Amino acid sequence: MAPTNRSPFRRTLALMASAAILAHVGMNGVAYAQTAPETTAPAVVAPAPATPETTVPAPTPPAAAAPQPAAPIQAGAPNNGPASVADLAEGLLDAVVNISTSQNVKDDEGVGPAPRAPDGSPFQEFFNDFFDKKQGNKGGNHNVSSLGSGFVIDPTGYIVTNNHVIEGADDIEVNFANGSKLKAKLIGTDTKTDLSVLKVEPKTPLKSVKFGDSSTMRIGDWVMAIGNPFGFGGSVTVGIISGRGRNINAGPYDNFIQTDAAINKGNSGGPLFNMKGEVIGINTAIISPSGGSIGIGFSVPSELASGVVDQLREYGETRRGWLGVRIQPVTDDIADSLGLDTAKGALVAGVIKGGPVDDGSIKAGDVILKFDGKTVSEMRDLPRVVAESTVGKEVDVVVLRDGKEQTVKVKLGRLEDSDQAAASGDAAPDGSQDDGVITPDPDENNDMDQPDSGDQAQPAPGAPDQHQGQGQVSPDASTPKNVLGLSLSLLSAETRKAFGIAESVDGVVVTEVTPGSASAEKGLKPGDVIVEVAQEFMKSPDAVAAKVKSLKQEGRRNAQLMIASANGDLRFVAVPME
């Protein structure tokens with residue numbers, strides 16, 4: 001009886017257990033099919049029916065569950081990584097060349113007298129024999145070689161490279177991708193942009209590339225560099241444009257493209273291509289503590305290079321426009337003193353005598369905001385846009401003068417390096433220098449409207465006395481003692497002599513500067529001459545005081561001063577009015 005009573009119960013338990021086991025195995029099969037290849041699924045699922053104890057934990061191992069979404073994504077993506085640039089590079093490699101140069105250098109160049117061993121030294125014989133042999137070879141020459149890159153821009157054999165690649169070379173040889181070599185002739189070079197044009201005479205037309213428009217390139221656009229890094233010709237690297245308009249103090253027209261495409265020694269002069277195969281830059285410089293690429297390379301943009309290359313091909317030299325002004329940056333303080341909402345433009349510090357704008361169309365104190373329709377955002381923009389303009393062209397120049405914008409017409413002259421060197425000393429043409437400091441010539445005041453200074457040549461009543469050994473002058477008792485922290489005096493024969501002020505300089509002389517004052521912080525010192533305040537000529541200390549008071553009443557926070565040094569160099573300084 002007992003077995004009969006228990007049998008249905010046992011059968012029920014057995015059926016329930018079997019159903020649970022079968023259901024569990026089925027679930028396992030579905031889960032593993034989603035996460036593992038088909039060949040591995042039976043190995044995991046097959047042991048499940050053997051012993052119910054082992055099948056319970058098997059379906060949910062962490063390692064098996066983690067990669068569930070990976071398989072479907074990988075299955076749908078047969079190609080990994082960015083698209084290949086092989087087709088693009090294949091069509092450009094033949095137009096990129098390696099440039100090798102050699103230069104003869106005298107072996108004894110810079111070598112002094114040969115040293116001699118002390119008399120009686122045991123090594124005297126060997127020592128003297130060695131240097132006697134060296135002296136016997138004195139006067140010999142040896143070749144110094146260098147490698148760089150370039151690219152063909154015309155099938156007839158015109159090649160562009162960097163000036164520093166071929167500078168001083170006695171022999172230039174161009175190596176092509178097919179292994180052929182040709183001697184090259186230098187057509188023209190421009191040190192300011194570090195560009196040169198070479199010419200070879202090929203028997204058949206060469207593969208060439210064209211300039212593109214670098215102005216359309218954006219930060220983040222893909223670019224490709226081809227060159228000769230460390231002598232490995234035909235090397236291709238790819239990156240993006242990391243920055244634009246970079247100034248690395250390489251020259252007066254710096255406007256470099258920055259890229260992270262690997263550029264190394266030997267890449268100089270090679271092209272930087274856009275993804276259409278157009279040259280949008282010429283690789284020129286890198287920043288690298290180690291000498292290798294760290295992802296900061298610079299290229300001359302094609303918008304600047306193409307015009308220079310065209311002129312070098314046509315004339316063998318550059319023919320740049322010239323405005324004939326000296327400029328300095330517009331600082332925040334100067335912008336405030338002029339009523340500008342932001343610091344922008346180029347402040348004219350002086351006009352070169354005999355230059356294109358010596359007719360008064362542009363004056364010292366003007367801020368040039370636009371040139372020939374191009375916005376001048378900062379000082380260094382002006383020399384570049386002027387230089388890119390055609391010689392003799394009439395252009396519209398928008399200036400800020402007396403708080404109002406005016407448009408004046410200017411006919412450009414030609415920038416002659418030799419003439420400018422004589423006219424401006426060490427200063428670069430158009431007022432730009434590597435460090436941005438303006439150095440006008442001593443005759444600068446002759447270029448500006450100056451009042452009759454006959455009455456200023458006479459000493460004022462109670463002429464100041466000189467402090468011996470201190471270079472200081474006591475101002476007349478009637479002059480203001482503290483205008484912007486400055487003690488001022490009329491220019492007289494005594495003050496000119498005391499501070500060595502040239503006769504061409506007119507204005508009000510600074511005799512003392514209060515330590516710690518705003519004027520002292522701006523670099524003013526005894527012997528400086530205040531020529532103008534807020535574009536108004538100053539005849540006396542009283543005039544300076546009155547003008548400063550007027551500016552304060554107008555709500556101005558800074559007073560713009562035109563300052564002349566003792567020899568006549570001009571600069572503008574914005575002094576906060578406390």
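Ranking W322, G350, L272 by how far each Cα lies toward the positive end of the dipole of the range 252-407 (charges on Cβ) leaves L272 at the top. Taking the charge dipole of the range 486-578 about its Cα centre, with +1 at Lys and Arg Cβ atoms and -1 at Asp and Glu Cβ atoms, the residue from I501, A574, L491 reaching farthest to the positive side is A574.
Sorting 167-173, 250-256 by their mean Cβ neighbour count within 10 Å, with the most densely packed peptide first, gives 250-256, 167-173.
How big is the Kirkwood radius of the range 213-322, worked out from every pair of different alpha carbons and given in Å to one decimal?
Working: mean 1/r = 0.0707 Å⁻¹.
Computed over the range 213-322, the radius equals 14.2 Å.
Size descriptors for the range 198-262, from the alpha-carbon set: Rg then Dmax equal 15.0, 41 Å.
Could you sort the peptides 85-94, 534-543 by per-residue average Cβ neighbour count (10 Å cutoff), highest mean leading?
On the way: 85-94: 14.2, 534-543: 18.9.
Result, highest mean Cβ count within 10 Å first: 534-543, 85-94.
Apply the Karplus curve 6.51 cos²θ - 1.76 cosθ + 1.60, θ = phi - 60°, to the phi angles in the range 343-349 and return the couplings in whole Hz, x for Gly and Pro. Once rounded to whole Hz, the list reads 6, 7, x, 10, 8, 7, 8. For the range 259-298, the fraction of C-alpha pairs more than 12 angstrom apart is 54%.
Measuring max minus min along each principal axis, the C-alpha atoms of the range 276-408 give extents of 51, 37, 30 Å (largest first). Separation of the range 355-371 and the range 516-571, taken as the distance between their Cα centroids, equals 21 angstrom. For the range 226-320, the dipole from Cβ point charges (+1 on Lys and Arg, -1 on Asp and Glu) about the Cα centre works out to 100 debye, to the nearest 20. Each label was represented as a point 7 Å from its Cα along the Cα-to-Cβ direction; for M577 and S504 these points are 3.2 nm apart.
With the cut-off at 27 Å, tell me which of the pairs K276/K344; K185/K276; K183/K207; K185/K411; K353/K552; K210/K411 have Cα atoms farther apart than that.
Numbers: K276/K344 35 Å; K185/K276 30 Å; K183/K207 17 Å; K185/K411 36 Å; K353/K552 35 Å; K210/K411 32 Å.
K276/K344; K185/K276; K185/K411; K353/K552; K210/K411, as the Cα separations exceed 27 Å there.
Distance between the pseudo-spin-label points of S102 and A520 (7 Å out from Cα toward the beta carbon): 6.5 nm. The amide H of S268, built 1.01 Å from its N in the peptide plane, has S149 as neighbours under 5 Å, considering only residues 5 or more places off or on other chains.
Values quoted throughout were computed directly from the atomic coordinates according to the rules given, and no laboratory measurement underlies them. Nothing here was measured: the structure is a model prediction, and the numbers come from that model. With ideal geometry, Cβ positions are generated from the backbone for all residues, glycine too; neighbour counts draw on all protein chains shown.
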